[in-house]
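Below is one structure, written out as structure tokens, with a few remarks after it.
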Amino acid sequence: MSQQEFCFQQEKHPLLVLDTHHASEQDYQVLLRLSVLQCKQLMIRLNACRSLNLNDYYISGKTVCWYLWAALVSSRSLSLTKILPEPVFVCYYRPLERNQLRAQNYNKLMQCLGGRSKLINVSQLNRNALLQYVELSQPISATTEALTRHPVQTYAFGIRLCANRRIEIFAPFGLKSVLQMQFTPNPLVVDPATYRKEKLQYLTAFRDD
């Protein structure tokens, strides 16, 4: 399925045209890229992150989900007043990073985004908490490895902006749960307490029941 096949009216969110019975993973990837391109806030953050020249960086899946889901909820005319503001999680891999360089990058990111942001050097995550969640038994060797270990499978992905302006997606578990707003646990990470906490936050923000 091509991007042209996903043409939609300007006021209609891309995710609302999704045919869940016939969509393939390639379709989900196309839809996610279109949705990100439609989200001004995410594009600003992608450009800001790219300007930092971070090694092996990704904007975390949780950040992407909350921006896209908020837009989807808005397009369905549901209340946005209960959606909590979330930090922008930016993960990158730089084993020998100096504190001064990290501070410079953080200040630059804050200047670009003008809001709460968290820069996470995953090379420094050994037995420390990953995205304030799970403890690791072995050191992280790449950003993608860190993203895969998120306790919530729906959040276990990332996006970044490449040199050719193409949005690169890392999604080891696929994107179906992301684009269908399905909240699922990560079978590779057993952390019931964190999962319950994240699910409650999700339900409070995005379910109108």
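Across region 37-70, the number of residues qualifying as more than 18 Å from residue 87 (Cβ to Cβ) and crowded, with 18+ Cβ neighbours inside 10 Å comes to 0. Selection over region 162-191 of residues that are hydrophobic (A, V, I, L, M, F, W, C), within 21 Å of residue 57 (Cβ to Cβ) and in contact with a strand residue (DSSP E or B) (Cβ under 7 Å, 6 or more places away or on another chain) gives a count of 4.
Residues of region 115-144 that are at pLDDT 70 or above, of a type in the set (Val, Ile, Thr) and in a strand (DSSP E or B): 120 alone. Of the residues making up region 177-188, those that are within 14 Å of the chain's Cα centre (by Cα) and touching a residue at least 40 places away in the same chain (Cβ under 8 Å) number 3. Suppose we keep only residues that are of a type in the set (D, E, K, R) and closer than 16 Å to residue 169 by Cα within region 22-40. Which one would you say is modelled with the highest pLDDT? Top of the filtered list is 33.
Note on region 148-157: residues that are buried (at least 23 other Cβ atoms within 10 Å of the Cβ) and either among the hydroxyl-bearing types (Ser, Thr, Tyr) or within 17 Å of residue 53 (Cα to Cα) (or both) amount to 2. Residues that are of a type in the set (Ser, Thr, Tyr) and either more than 30 Å from residue 52 (Cβ to Cβ) or in a loop (DSSP other than H, G, I, E, B) (or both) do occur in region 187-208. Residue count for region 181-195 satisfying the condition of being surrounded by 13 or more Cβ atoms within 10 Å (Cβ to Cβ) and either among the aliphatic types (A, V, I, L, M) or modelled with pLDDT under 85 (or both): 4.
The values are calculated or read from the model by the stated rules, or taken from the named source; none is laboratory data. Quick caveat: nothing in here was measured; it's all calculated off a predicted structure. Glycine also receives a Cβ, built like all others from the backbone with ideal geometry; neighbour counts cover every protein chain displayed.
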